[in-house]
Amino acid sequence: MPTLQTVSPLALFAEPLRSQLYGKVKREGRDKDGKIDYDQPGKLVGNWFHESLSAGESGRGGGGISAKQIAFVYDVVQPTAVRISIGGTVARPAFTRSKQARLILQPLRWRPAL
């Protein structure tokens, strides 16, 4: 299944090799090609970037850049299972204790990819 930025490489092989390769794919369900472009405006899904990261930097890797990325996606093998991927360590704690000993989520400044 083609996505926004790529096509399935297995679909490019001629038969019978194509069927043999798809037979080795462990993904559950009928769609064996998967999906990479989950971004949807207004929804908590897809790639998110810290506000300090420019759009040009978001495609590059590396510790300083990947630590400013987070993704809300579906599992590669079980496409109904949601996964959250944090591209590094969170520099400051996301949770803190209040005086009433309740956990409070600290506001982090993130923006969606779209």
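Every number in this text was worked out from the coordinates using simple rules, so none of it is lab data. Not measured: the values here are computed from a predicted model. Ideal geometry is used to build each Cβ from the backbone, glycine not excepted, and the neighbour counts take in all protein chains shown.
Summing Lys and Arg as +1 and Asp and Glu as -1 over all other residues whose Cβ lies under 13 Å from the Cβ of VAL45 gives a net charge of +1. Summing Lys, Arg as +1 and Asp, Glu as -1, what charge do residues with Cβ under 10 Å from the Cβ of ASP75 carry, ASP75 excluded? That works out to +1.
Protection proxy ranking of 18-26, 34-42, by the mean of other Cβ atoms within 10 Å over each peptide's residues and highest first, is 34-42, 18-26.
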